[in-house]
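Read the figures in this text as sums done on the coordinates, not as results from a lab. Small disclaimer: the values here were computed from a predicted structure and weren't measured. As a convention, Cβ positions derive from the backbone with ideal geometry for all residues, glycine included, and neighbour counts pool all protein chains shown.
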Amino acid sequence: MTEYLVYLGYAIAWKIIRILPEKFVYARAAAIGSLLYRRDGKGVQRLRTNYARIRPELNQAQLEALVEAGMQSYLRYWVDTFRSPSWNRERTISTVTIDHEEYLRNPIAEGRGCIVALPHAGNWDHAGSYFCQTGAPLTTVAEHLKPERLFQKFLAYREAIGMEVLDLNSRSIATLSQRLRSGKLVALVADRDLSKNGVDVTFAGFPARMPGGPALLSIQTGAPLITAFVAYSSAGIQITFGPEISVPASGTTAEKAARMTQDVADWFAEHISRETEDWHMLQRIWIDGDFVERVDL
């Protein structure tokens, strides 16, 4: 019954939010984000912990303002998700601005394939839709959600965008490798390890574990690995790409993958610190126990 109610809630939101007036629904989403912040549930508490590590220079009042902005950004993501199936091609494309798009386009044009690693920030579905509609359809993986009907709904949503979505399992790596060897684009959210077999990294100065799949795919296929960060702008989203992460010349495959994953983690930390409110990470990231309580000097 609980799983059915979860599915029903999402299904109703998907229908109602699409038909409500746009300004009204985004304003209500911001208000709900503030309400959730004030209620200070477990997700908000985790967001505060994560933001505190990314932005240690903030005092308590600054941190609280950032957490509230983060919850408003998170609710904006959900409104975008529910409303975007009604967007036309012009709106999807015209609301995207990009820095260093050539880092992605050039290897695709050369037939080398490309792997993009990005964190849970902004609206990466919007970014994926942009590339699918501008000649670079992508393949990605998705965690298998429960209930099953909800997973299938999100699967259909992303496939309608133009993405090929693989279930996160042992067979997905082989399929991703095939796509890359065919010169295709692979995009992987890579700031949180879901496999429990991730690579140990130092993230913003503290131990964390991130998926090694993007680096391993680059080593095995020769496709370049680049990074991306998606932030919200007043008009839509801003995508920033990072340059290719080089495969180390020496070391075992595991050692090479570890060094490349650390490079990814460093790039993520740098860009998350600049647009922190758009990093929608309400789950645990670091593996050294809960962050100690802040002391506001």
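Give the relative contact order (percent, whole number) for the chain; include only Cα pairs under 8 Å separated by 6+ residues. Provide the component values of the computation, followed by the final result.
Details: 491 pairs, mean separation 72.8, N = 297.
It comes to 25 percent, rounded to a whole number.
Using only the alpha carbons of the range 15-96, what is the convex hull's orientation-averaged projected area in square nanometres? Don't jump to the answer; show the numbers that get you there.
On the way: hull surface 26.3 nm².
Spelled out: convex hull of the Cα atoms, projected over all directions, averaged, 6.6 nm².
Ranked by Cβ crowding within 10 angstrom, fewest neighbours first, how are 132, 114 ordered? Provide the component values of the computation, followed by the final result.
Values: 132 19, 114 27.
By the 10 Å Cβ count, ascending: 132, 114.
Using only the alpha carbons, work out the radius of gyration and Dmax of the chain in angstrom.
Reported Rg and Dmax, both Å: 19.0, 57.
Counting other beta carbons within 10 Å of each residue's own, what order do 241, 229, 24, 154 fall into, fewest first?
Values: 241 20, 229 25, 24 9, 154 16.
Starting with the residue having the fewest Cβ neighbours, the order is 24, 154, 241, 229.
Going by how many other Cβ atoms sit within 10 Å of their own, how do 95, 261 line up, fewest first? List each step's numbers first, then the result.
Details: 95 16, 261 27.
Going from sparsest to densest Cβ surroundings: 95, 261.
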